[in-house]
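Chemist: My structure is below; once you've seen it, I'll send some questions.
Bear in mind these aren't lab numbers, they're just calculated from the coordinates by the rules spelled out. Please read these numbers as outputs of a predicted model, since none were measured by experiment. Cβ sites come from the backbone with ideal geometry, for glycine too, and all protein chains shown count toward neighbours.
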Amino acid sequence: MTMTLTQVRQGREYHILDSNAQGKERARLDSLGLVPGAKIRVLSSSWAGFIVEIKGSRLALCKAVADTLLVA
């Protein structure tokens, strides 16, 4: 089932399928390792955004950015 990162359950692992981001935002996500095929886990979510773990690192993402990432 494909969904955006904002729709996932906390604590589960997902695979990034694609990103709807464009231009510089897409390039920044790619440089952080948020690329198709990467495993990602949502550690916490709040009104401000998300803390995710990817490749052993923790990243903070705002909801607008998380909404561009398609996962399964």
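Chemist: All but one of (1) in contact with a Phe, Trp or Tyr (Cβ under 9 Å, 6 or more places away or on another chain); (2) surrounded by fewer than 14 Cβ atoms within 10 Å (Cβ to Cβ); (3) hydroxyl-bearing (S, T, Y) hold for T6, so report the exception by its number.
Modeler: That leaves (2) as the condition not met.
Chemist: So which of A66, A38, A72 ends up being on the phi < 0 side of the Ramachandran plot and loosely packed, with under 15 Cβ neighbours inside 10 Å? Write out each step before concluding.
Modeler: Details: A66 fails: loosely packed, with under 15 Cβ neighbours inside 10 Å; A38 fails: loosely packed, with under 15 Cβ neighbours inside 10 Å.
Result of the check over A66, A38, A72: A72.
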